[in-house]
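Asks: Here it is, the structure, as structure tokens.
Bear in mind that the values in this text are calculations on the coordinates, not laboratory data. These numbers were taken from a predicted model, which means no experiment stands behind them. With ideal geometry, Cβ positions are generated from the backbone for all residues, glycine too; neighbour counts draw on all protein chains shown.
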């Protein structure tokens with residue numbers, strides 16, 4: 001994969017790289033998180049400074065348990081930040097693994113176009129970008145990108161277990177370790193006004209390789225609603241001088257309302 005040496009791209013890279021993966025499948029509680037027409041909008045912030053907006057959307061089913069999803073990131077009016085990134089995924093909702101990935105974005109004058117597809121039967125990955133055409137990698141186990149990990153975090157949030165989620169770029173596989181637990185904390189976010197929402201807590205650690213994006217050490221903490229929709233309310237990602245936070249701002253999901261009290 002291309003390196004992310006341009007500092008204006010680092011915010012996008014950090015948000016994407018720390019968010020996601022694919023889980024080992026055990027007999028744990030599994031939430032039904034995939035809902036056609038769902039749209040979740042988040043503010044990306046560093047302290048009180050808004051860095052941008054991130055939106056996740058769930059599209060239509062394609063058969064064979066495959067569903068369309070997408071993620072869009074847009075920077076706010078912040079000096080030296082001018083990035084847009086749109087990713088379109090097809091996810092296998094049974095194994096919660098990535099089948100197809102397509103990315104289009106720009107960072108200032110630099111454009112990014114990437115496509116890859118995965119064949120779980122043949123265990124092959126086909127990758128193309130602006131300089132590579134149909135590079136085939138063989139013997140690849142099921143894996144995730146950022147969007148797929150987002151759904152894995154939601155799916156297993158009530159499992160009270162530890163999971164390793166393989167995530168993969170072109171070159172190599174890396175792991176995201178997640179500890180799912182119940183917490184007595186309740187969270188407020190713009191999407192719910194002054195309402196406090198009971199949440200499950202997820203403590204994660206992503207392998208960063210040789211990357212030191214903004215001094216990131218790979219640690220993150222997520223809070224997810226205690227219901228079958230398992231909507232992430234907040235994700236905090238550690239960097240050298242504090243953290244970057246992804247905070248839920250708006251929810252569009254049919255027939256869903258947040259719970260306000262724990263079940264006794």
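Asks: Arranged by the count of other C-beta atoms within 10 angstrom, fewest first, what order do 54, 208 take?
Replies: Fewest-to-most Cβ neighbours within 10 Å comes out as 208, 54.
Asks: Stokes-Einstein D for segment 37-122 at 25 °C, 0.890 mPa s, Kirkwood Rh over Cα pairs, in µm²/s?
Replies: This corresponds to a translational diffusion coefficient of 170 µm²/s.
Asks: Which of 88, 118, 61, 200 has the fewest other C-beta atoms within 10 Å, and how do the rest follow up to the most?
Replies: 61, 88, 118, 200
Asks: Could you put 119, 227, 203 in order, starting from the residue whose Cβ has the fewest other Cβ atoms within 10 Å?
Replies: Exposure proxy ranking, most exposed first: 119, 203, 227.
Asks: From the P(r) of segment 108-237, could you give the percentage of C-alpha pairs in the tail past 22 Å?
Replies: 49
Asks: Hey, another quick one. Roughly how many nanometres apart are two label points built 7 Å out from the Cα toward the Cβ at residue 228 and residue 179?
Replies: Rounded to a tenth, the inter-label distance reads 3.1 nm.
Asks: Could you order peptides 236-243, 40-47 by the average number of other Cβ atoms within 10 Å of their residues, highest first?
Replies: For the peptides 236-243, 40-47, the packing ranking is 40-47, 236-243.
Asks: Please give the peptides 130-142, 146-158 ranked by average Cβ packing (other Cβ atoms within 10 Å per residue), highest first, as a rough proxy for protection.
Replies: 146-158, 130-142
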